[in-house]
1. Using θ = phi - 60° and the Karplus curve 6.51 cos²θ - 1.76 cosθ + 1.60, what whole-Hz ³J(HN,Hα) does each residue of the stretch 355-364 get, with Gly and Pro shown as x?
2. Identify, among GLN232, VAL351, GLY154, the residue whose Cα sits farthest towards the positive end of the charge dipole of the chain, taking +1 on the Cβ of Lys and Arg and -1 on the Cβ of Asp and Glu, with the dipole about the Cα centre.
3. As a test of the formula, what do you get for the chain when each DSSP H run with n ≥ 4 contributes -39,500 (n - 2.57) and the sum is divided by the residue count, at 222 nm and rounded to the nearest 500 deg cm²/dmol?
4. Name the residue, out of ALA289, ALA273, ALA190, whose mean-square fluctuation peaks in a Gaussian network model built on the chain with Cα pairs under 10 Å.
5. May I ask you to give the solvent-accessible area per residue for the chain, in square angstrom, as obtained with a 1.4 angstrom probe?
6. Across the chain, where is the longest run that never hits GluC sites (Glu not before Pro) in a DSSP loop with at most 13 other C-beta atoms within 10 Å?
7. Please list the three semi-axes, largest first and in whole Å, of the ellipsoid equivalent to the chain, using sqrt of 5 times the eigenvalues of its alpha carbon gyration tensor.
8. So which trypsin sites (Lys or Arg not before Pro) in the stretch 116-187 pass both tests, a DSSP loop state and at most 12 other Cβ atoms within 10 Å of the Cβ?
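The values are calculated or read from the model by the stated rules, or taken from the named source; none is laboratory data. Computed from a prediction, not measured in an experiment: that's the story for all the values here. Heads up, the Cβs are rebuilt from the backbone with ideal geometry, glycines too, and the neighbour counts pull from every protein chain shown. When the accessible area is computed, the model is the full protein with side chains, heavy atoms only, and any ligands, DNA or RNA have been set aside. Shrake-Rupley method; radii C 1.70, N 1.55, O 1.52, S 1.80 Å.
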Amino acid sequence: MRSTAERATSDRLAAWFTEQGATLVEADILLPAETLLDLYGEDIRARAYMTVDPVRGEMMLRPDFTVPVVQQHMAGGAEPAIYAYSGPIFRKQDRAGDRPSEYHQAGIEIFRRDQPEQSDARVFALIDRVLREHGLALRPLTGDIGILMAAVRGLATSDRRKQALLRHIWRPQRFRALLDRFSGRAPVPAARRHLLDRLAQGSPAALIAQAGTFTGLRSEAEIAARAEALIQDAQTPPLAAPEAALLYDLLSLQAPARAALSHLRGIAPMLPAITPAVDRFAARLEALADHGIDTDTLPFEASHGRTSLEYYDGFVFTFHAEDPALPPVASGGRYDALTAVLGQGKSIPAVGGVIRAGLLARLTGDQA
């Protein structure tokens, strides 16, 4: 009975989105694994269900709707476009509990080249509205990964270090460990220090020759290039203390959205790379206010969204029930870069959001 109620709630949500101007679309349940592995790396294997097709190769049960919907749009969708969808997704759970590994989502995606902040606000406001129409006043939380990414890109350090930090934006512990090391707050790991000491005693080629027979997949040239990169990184000066302090400040920023904007305006002259992203944040707040959202009280965290799927690169949001043990009832965000990756040379700004239909049905008592 639970799955029946969940599916019915999901379909009703998608139908409501179509009433607001979206086009209902279907998405494949079985997706080529290569595409998702290229996007997220091997880490996604721990979260997704994999299988092998004798003709199509490695396949993956749909972990979310965004990737297949983006693929469909980039293959020939009209512009601008608004899509709605409903159906199951599949996620492995890393421990026993009541979190399902298969559950229904309903969602909306907007593809539009102009007015990105207005599209952000529209998606957020539509989801806020439909949740309230179900009698739920959930706790929203917003963020903007684009501000943090802009801050990293503007650091006065090597491109290699900036790329390392950007690669781990969605892994907060790893990101913090790298930042601590790059700013001189943490020592170089012992294993790396030992390797650097050995490299200081001879060339990479000499050490490779001493190592004996190759057993891995990397070539001698690749190993030598990696060793040279380690040497260059060790010679890179640490981040300047004021710059590092501003980045730590940004990571810890939690405040109502308007107050957060004032704080960001205050630090932007010292971290000028974030200014365009802060301007977009300000425009988004105006657009949200136009939709009736109280931006004076709307919670904002600069680090919010960094543990979700790794394609959000701007505005992010979630809606939470009172029980902290429950996952977000709804979530979403902007993913402009993803359309370029999947667009085969084309790209278009895009934003979307999803609602967990089963959790919504549970909270509203709609179990029949």
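1. Listing the rounded values in order: 10, 7, 5, x, 5, 4, 4, 5, 6, 8 Hz.
2. Working it through, the farthest residue towards the positive pole turns out to be GLN232.
3. Rounded to the nearest 500, the figure is -14000 deg cm²/dmol.
4. Fluctuation is largest for ALA190.
5. Accessible area per residue, the chain: 49 Å².
6. 27-321
7. Result for the chain: semi-axes of 39, 27, 19 Å.
8. Passing both the DSSP loop test and the Cβ count: no residue.
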